[in-house]
Amino acid sequence: MMRIRVLGSSAGGGFPQWNCNCPNCDGLRRGTVMARARTQSSIAVSANDLDWLLVNASPDILTQIRDTPELQPARSVRDSGIAAVLLMDAQIDHVTGLLMLRERASALPLLATPEVLTELGKGFPITGILSHYCGVAPHALPTDGRSFTAPGLDGIGLQAVPLSSRPPPYSPFRGNPRPGDNIGLVLQNPSNGARVFYAPGLGEVTPELLDLMSSCAVVLVDGTFWTGDEMQRLGLSTKAAADMGHLPQSGPGGMLEQLARLPVATRKLLIHINNTNPILIEDSAERAALTRLGIEVAHDGMDIHF
């Protein structure tokens with residue numbers, strides 16, 4: 001049985017966000033809402049509960065490792081269960097944690113598309129910085145449908161799927177996205193064929209992508225915003241969800257409509273949830289709507305077996 005551990009389930013900034021006093025963040029601090037704190041989104045995947053693929057390295061990685069004893073198997077005086085890291089994009093909230101892994105004794109296997117590796121070598125030069133510490137061993141991901149494995153994790157089948165979204169604000173390609181700027185990830189259990197689709201950043205669900213998701217036992221997808229104008233209505237940003245590369249849950253063509261097209265047997269979960277999203281409040285009308293539709297909200301520490 002393969003296992004996914006949700007290390008972090010929030011969008012960038014976490015929940016509560018350090019400088020935010022929206023109703024959700026203020027309510028969580030005051031204890032006036034039914035909600036739980038969340039770190040920034042990341043998952044870890046293992047086929048043996050000993051060797052793990054870290055998918056995205058959030059700024060909260062040290063807290064996430066501390067809260068996940070399985071990631072420290074203690075086989076030697078210095079050790080880690082993290083065998084390799086795979087990046088879905090070059091967003092700051094998905095890559096900054098790489099800097100916290102600098103004490104590694106050998107080069108860190110780093111899997112990402114050529115586009116993301118270029119961003120991390122130039123626009124946000126983490127790989128250059130790490131070359132003065134442990135260094136990285138880059139592995140360019142194929143995005144043409146070919147399957148692959150990660151170093152040290154041969155028991156996990158992987159496939160990268162180019163998605164419609166946007167590269168980071170610091171990227172020179174922000175206004176002209178490329179297919180490799182953001183990916184979804186298919187994880188396959190070779191022993192039973194079960195597949196999981198993971199996509200914390202998703203701006204559009206195409207018919208082809210819907211077919212792919214329909215073939216998966218579990219989909220763990222973008223839950224950033226409830227409405228397209230969520231940040232604007234709260235006076236927190238001038239940008240809509242689409243401007244930031246995210247498909248909101250509600251509204252025509254939204255994530256809820258897309259997930260309703262999947263087979264009933266497919267387990268459906270939302271992750272990468274922004275601090276403003278009302279689904280964070282466990283007794284909210286929006287959370288109740290998800291429950292009626294059979295859609296779960298991922299949380300830190302959640303285990304998913306497939």
* Among (1) in a loop (DSSP other than H, G, I, E, B); (2) closer than 24 Å to D49 by Cβ - the single one D154 does not satisfy -> (1)
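Residue by residue, here is whether (1) assigned to a helix (DSSP H, G or I); (2) closer than 15 Å to I43 by Cβ; (3) not basic (K, R) holds:
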| residue | (1), (2), (3) |
| --- | --- |
| G193 | no, no, yes |
| V196 | no, yes, yes |
| E208 | yes, no, yes |
| D211 | yes, no, yes |
| W226 | no, no, yes |
| G235 | no, no, yes |
* To do: Could you run through the range 217-230 and say how many residues are in contact with a strand residue (DSSP E or B) (Cβ under 9 Å, 6 or more places away or on another chain), closer than 21 Å to C22 by Cβ and either surrounded by fewer than 23 Cβ atoms within 10 Å (Cβ to Cβ) or among the hydroxyl-bearing types (S, T, Y) (or both)?
  => 1
* Would you call A150 crowded, with 16+ Cβ neighbours inside 10 Å, of a type in the set (A, V, I, L, M, F, W, C), within 24 Å of I271 (Cα to Cα) and within 18 Å of the chain's Cα centre (by Cα)? -> yes
* Structure fact -> Residue set R267, R261, R292, R233; condition out of contact with any strand residue (DSSP E or B) (no Cβ under 9 Å at 6 or more places or on another chain), of a type in the set (D, E, K, R), within 21 Å of L185 (Cα to Cα) and surrounded by fewer than 20 Cβ atoms within 10 Å (Cβ to Cβ); output residue R261
* Asked: All but one of (1) under 29 Å from A241 (Cβ atoms); (2) touching a helix residue (DSSP H, G or I) at 6+ places or on another chain (Cβ under 8 Å); (3) surrounded by fewer than 21 Cβ atoms within 10 Å (Cβ to Cβ) hold for G145; which doesn't?
  -> (2)
* **Residue list for the range 203-216, restricted to those being aliphatic (A, V, I, L, M) and either more than 20 Å from H272 (Cα to Cα) or crowded, with 24+ Cβ neighbours inside 10 Å (or both)** => L212, M213
* Structure fact -> Residues of the range 158-170 being closer than 18 Å to V219 by Cα, surrounded by 18 or more Cβ atoms within 10 Å (Cβ to Cβ) and not hydrophobic (A, V, I, L, M, F, W, C), in sequence order, are Q159, P162, S165
* Of all the residues that make up the range 225-242, how many are farther than 19 Å from P200 by Cα and touching a residue at least 60 places away in the same chain (Cβ under 8 Å)? -> 2
* Asked: From the residues in the range 270-289 that are among the aliphatic types (A, V, I, L, M) and surrounded by 19 or more Cβ atoms within 10 Å (Cβ to Cβ), which one is farthest from S214 (Cα to Cα)?
  -> L280
* To do: Return the pairs, sorted by first residue and then second, in which the second residue is of a type in the set (D, E) and surrounded by 12 or more Cβ atoms within 10 Å (Cβ to Cβ), the first residue lies in the range 58-78 and is in contact (Cβ under 8 Å) with a residue 60 or more places away in the chain, the beta carbons are less than 7 Å apart, and the residues are 6+ apart or on different chains.
  => E70/D49
* Asked: Can you name the residue in the range 24-42 that is touching a residue at least 12 places away in the same chain (Cβ under 8 Å) and not in a loop (DSSP other than H, G, I, E, B) and is also farthest from P278 (Cα to Cα) among such residues?
  -> S42
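Read-outs: derived from the displayed coordinates by stated rules, not from any lab. Quick caveat: nothing in here was measured; it's all calculated off a predicted structure. Heads up, the Cβs are rebuilt from the backbone with ideal geometry, glycines too, and the neighbour counts pull from every protein chain shown.
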